[in-house]
Amino acid sequence: MPVDPHAAIEVTAFKWVPPFAHGFVKDMRIRWALEEIATPYRERLIGGIFEDKSHDYLADQPFGQVPVYKAEGISLFETGSILIHLGEKDERLLPRDPSGRGRAISWIIAALNSIEPTLSALMLVGHAGAQKDWVDDAKNAVRPFAESRLEMLSNALGTKDWLEDRFTIGDLVMIDVLRTAPEDELVAAHENLSAYVERGTSRPAFKAAMAAQLDAFARNNPDME
Ligand SMILES: N[C@@H](CCC(=O)N[C@@H](CS)C(=O)NCC(=O)O)C(=O)O
């Protein structure tokens, strides 16, 4: 298990988030990548998601979010940037040939910039409009954008196992984005996308990352059900 209090790499995570978010906090993406390359990391657990962040933490992450990655005098924020940094270190995450490398990075950006915003919009509308009489209308207005992007992603994936000819951090991010879709039917509408998410989340490295995040919440919230 790569979580090791003496490891050179430090990854931040929250001590507390609401139970529905357990297993879905974005340090998962970094934990997963580090598990893929069997590289140990130590956790730096910061206050709960809704607590004010210290001045020091805001110097590390201007928006007070997790994760932050630190190692060898480098301090990085934004999961995409951290994953590219890790990919540069290990070919198992990012191919070395220029085309394979570039395509994998294209998919990271597509996941974060073309797919995730449409799903986040739907989620934000749901949160902001909870119990408001306009919430269904607002969701119905936003949902077609997500549906259209997922349809196009499904076409791009086709019958392949991964977005390119092998697993990369492009798949890691895309699968993590898809598995957090706010409405299950959105991804389930595409058999190949459901199978793709299943393929990614069946990887031992994903399971180990999930266990580590859940374990951190359990250790720090002993009264948790
Ligand atoms: N774009 C950032 C997003 C990170 C993010 O949304 N983190 C969430 C946890 S999943 C967070 O820290 N939320 C607290 C906040 O935004 O104040 C990244 O990819 O690193």
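The values are calculated or read from the model by the stated rules, or taken from the named source; none is laboratory data. Computed from a predicted structure; not experimentally measured. FYI the Cβ positions are ideal-geometry reconstructions off the backbone, even for glycines, and counts take in every protein chain you see. What goes into the accessible areas is simple: the full protein's heavy atoms, side chains included, and nothing from ligands, DNA or RNA. Shrake-Rupley method; radii C 1.70, N 1.55, O 1.52, S 1.80 Å.
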>> Can you pull out every residue in the range 15-57 that is within 13 Å of the ligand (Cβ to nearest atom) and among the β-branched types (Val, Ile, Thr)?
In response: 17, 25, 30, 46, 49
>> Can you pull out every residue in the range 1-21 that is buried (at least 17 other Cβ atoms within 10 Å of the Cβ) and without any contact (Cβ under 8 Å) to a residue 60 or more places away in the chain?
In response: 11, 12, 14
> So which pairs qualify, if the first residue must be in the range 37-53 and more than 12 Å from residue 216 (Cα to Cα) and open to solvent by 40 Å² or more (accessible area, probe 1.4 Å), the second must be assigned to a loop (DSSP other than H, G, I, E, B) and more than 13 Å from the ligand (Cβ to nearest atom), the Cβ gap must be under 9 Å, and the two must be at least 6 apart or on different chains?
Replying inline: 38/2; 40/1; 40/2; 40/4; 40/6; 40/7; 40/8
> Could we say that residue 24 is surrounded by 20 or more Cβ atoms within 10 Å (Cβ to Cβ) and in contact (Cβ under 8 Å) with a residue 24 or more places away in the chain here?
Replying inline: no
> Which numbered condition trips up residue 12, out of (1) modelled with pLDDT of 95 or more; (2) away from the ligand (no atom under 12 Å from the Cβ)?
Replying inline: (2)
